[in-house]
Structure formats: structure tokens, C-alpha cells
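Quick note: the coordinates plus some simple rules give every number you see, no bench work behind them. Just so it is clear, the structure is predicted and the values come from calculations on it, not from any experiment. With ideal geometry, Cβ positions are generated from the backbone for all residues, glycine too; neighbour counts draw on all protein chains shown.
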Amino acid sequence: MQTKEILVTGYEKVVQAELVPGVTSIIAVHNTNLGPSLGGCRFFDYHSFEDALTDALRLSEGMSYKSAMAGLPLGGGKAVIIGDPKKHKSPEIFQQFAEFVNSLEGKYITAKDVGIELEDLALIAKHTKLIRGTDAPGSSGDPSPMTAFGVYRGLQASAHYKWGDASLKNKKVIIQGLGHVGYDTAKYLNDEGATIYATEMNPEILNRAVNELGIKPLGLDDWQNTEADIFCPCAMGAILNKQTLPRLAANGIQIVAGGANNQLHKPQADGARLRKAKILYAPDYVINAGGIINIACEFGGYSVEKAKNKTTKIYDTLLEIYDRAENENRCTALVSLQIAKERLGIA
């Protein structure tokens, strides 16, 4: 397998490889100042190579900041496989991907992300030790439940800061996306007595949420025009922008806090728009760090209790960011970015 390096300013290493004819993978390593880069592999049917590269770059950078803000001795990396996971998965692809990971000689450690299931990780793990979050003995398994727990704690912290009470009872919450993280987050909110609205591409999952949790279903784009207190994005990124943010503000949204990566289309400009609209924004790589915390707890011996104790601190980290943003009269997106870069030594 031949690899080709792509030179990108600000990134330590970006490499592409054709795993099998017609299926290409990209691994992006953003920063390893704090430790080896760790980030999931995303198997997705991108419209173009450029879209896939952009996603890998944004996600790997976000992983650097996520680990830094969570106080982990890890750097930021990400992998993408360009293809339809329903059509293109095969043992050969995953063996080739494992060898691709090995070619970076420990600079990147892979894990689960969109389009990758635990059985896929098991196939990858046959050919590389540079993998975490599998279902093998001693591993942490699927990180999604811990990500959802962290999002829930972040929602509580945001409610505490915004309204002086961490309770989410009777709050109207819109969840965009009911994948593993979104669904588990909905369970926490339902247990606390929140009123939940949700969008979801898969009608079976949406119907299940209606029947099990009593959520109120929305059309895919209705999150932009439904009145609520909190918007909880748990799908793909870049959905907060100059078109959508005024709609959220007009519908009474006071908090944006969710599990999706790269929620802001333009972090500085959209972070400023959120602040101007008086919408409290929980930086995505802070609130959704439960998954990487869960995986990082494999180093030194994994236990759910240890992972949960570390993840619950997302609550305090967000309060620190909110206080600092208010004191400095700046948006939370820029404040968290500055803190993360200081920790990485790249400020």
C-alpha cells in the first residue's frame, strides 16, 4: 500500500492511502505536544475528496483541543475512510486501514467514530495494537455512553450558569440527531423530566424514541423553527452559522450544548453571534469529551467509575469557561480555544 503525504500548515502529518481500488483513507495528525494523537475513524460517503480532507482536518484539530481541555496526555488526530459503510465495508479494507495506521509508527491511535461499529474495530484490531475503545477484555468498549453522560453534565452546568439551577425539569430541549450519543442524552433528559423534541434521519430510531421516551418528533430541518429553551446538536457539524443562528434566537433558544463536533461553521464569527444573541454556547470539544476520556482511561487500567469521575468534571470546566468569558467580555468559543492552545503550547 502506497501512502501520499499532504502538506498542511499547522498539522504535523496528513497522509492519504488507497485501501482498495476506489476506497481512500486520510489520517490527519494535528498535534502531539501532550502525547500521541488519538481520534476515531469515520467511515462516510463524502461528496468529494476535498470534503473528506476538510472533515479530517477539522476533526483532528478539535481532538487536540478536546484532549487538552480534558487534561489528557494525548494529542489530536482523526481518520476518515471515504465510502458508503453499507456497501464498502470488508475485512480487506479494515486490514489495509490497520496497516495504514501502523505506517505512522505510533503517532496516531485509532478508535470508533461515525460509520464504524465495534465489530469493525475487532477486524482492525487483528492487525494493529494502535487502537482503543474495542470490546476486547480490558478495553473501554463503545465510548458513546460516556460521551452522552458528559453532554448531560454539560447541559446541567449550562442550565446552572444560565438560570441558577442545574435542573432540566420542564425545560424544552431540541435534540438534532438520535444516534448513540443523542439517544442516550435523550434518556438522561427524559429521566429528569425535560420536554424533548428531536430530529432523526432514521425513521425506525425516531419511532423508537417516540414510543420509549415520549419525545416529540420533528422534521429534519424543523430544529431551526421550533420554540425551545435548549438546542442540543448531536449530528454532523457546521450547522451553527449566520443563517441558522438568527432562527434559533428568534425561537427562544438560550443554550446551545450538544455532542456534535465542529458545530460552529466559523468559530470566531459564529461564537460572536451567539454571544450577541445572549445564547450560552458550550464549546463542542469540551462538552463532548466523555468519549475520549473514557478511552484514555484504558491507559493504566480501565474502570467505568474512573471514567465517569473524570467525565463529570466537564461540569466544572464549562463553568470556568463561562465565568472567564463573562469577565473578559468574549465569546466562550474563543476563551476555550485560548485555554486549549495554552495547554498545547501553541498559543
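At a glance:
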{"item": "Whole-Å semi-axes of the ellipsoid equivalent to the chain (Cα gyration tensor, √5λ, descending)", "result": "31, 22, 20"}
{"item": "Cut-off 15 Å between beta-carbons: net charge of the residues surrounding ILE321, Lys and Arg +1, Asp and Glu -1", "result": "+2"}
{"item": "Within the chain, longest stretch clear of exposed trypsin sites (Lys or Arg not before Pro) (DSSP loop, no more than 15 other Cβ within 10 Å)", "result": "1-125"}
{"item": "Helix-only CD estimate at 222 nm, as mean residue ellipticity for the chain, using -39500 (n - 2.57) per DSSP H run (n ≥ 4)", "result": "-13500 deg cm²/dmol"}
{"item": "Cut-off under 5 Å, modelled amide H: who pairs with ILE116 long-range", "result": "PHE43"}
{"item": "Local electrostatic count at PRO36 - Lys and Arg +1, Asp and Glu -1, tallied over other residues with Cβ under 15 Å", "result": "+3"}
{"item": "Residue (of GLY76, HIS88, LEU168) at the positive-pole extreme of the range 48-179, dipole from beta-carbon charges", "result": "LEU168"}
{"item": "Residues with amide H under 5 Å from that of ILE175, placed H, sequence gap 5 or more", "result": "TYR197, ALA198, THR199, CYS232"}
{"item": "Under 5 Å, built H, 5+ apart or other chain: amide partners of ASP135", "result": "none"}
{"item": "Most positive-pole-ward Cα, PHE97, PHE43, ALA28, against dipole of the chain from beta carbon charges", "result": "ALA28"}
{"item": "Shape call, the range 144-344: gyration tensor on alpha carbons, a/c limit 1.5", "result": "oblate"}
{"item": "Rounded to the nearest 20 debye, dipole of the range 187-310 from Cβ charges on Lys, Arg, Asp, Glu", "result": "560"}
{"item": "Given the chain, longest segment not containing exposed loop GluC sites (Glu not before Pro) (DSSP; at most 11 other Cβ within 10 Å)", "result": "106-226"}
{"item": "DSSP-defined beta bridges in the chain - what % are antiparallel, rounded to 5", "result": "40"}
{"item": "Rounded to the nearest 20 debye, dipole of the chain from Cβ charges on Lys, Arg, Asp, Glu", "result": "760"}
{"item": "Local net charge near ALA68, Cβ-Cβ under 9 Å (Lys/Arg +1, Asp/Glu -1)", "result": "+2"}
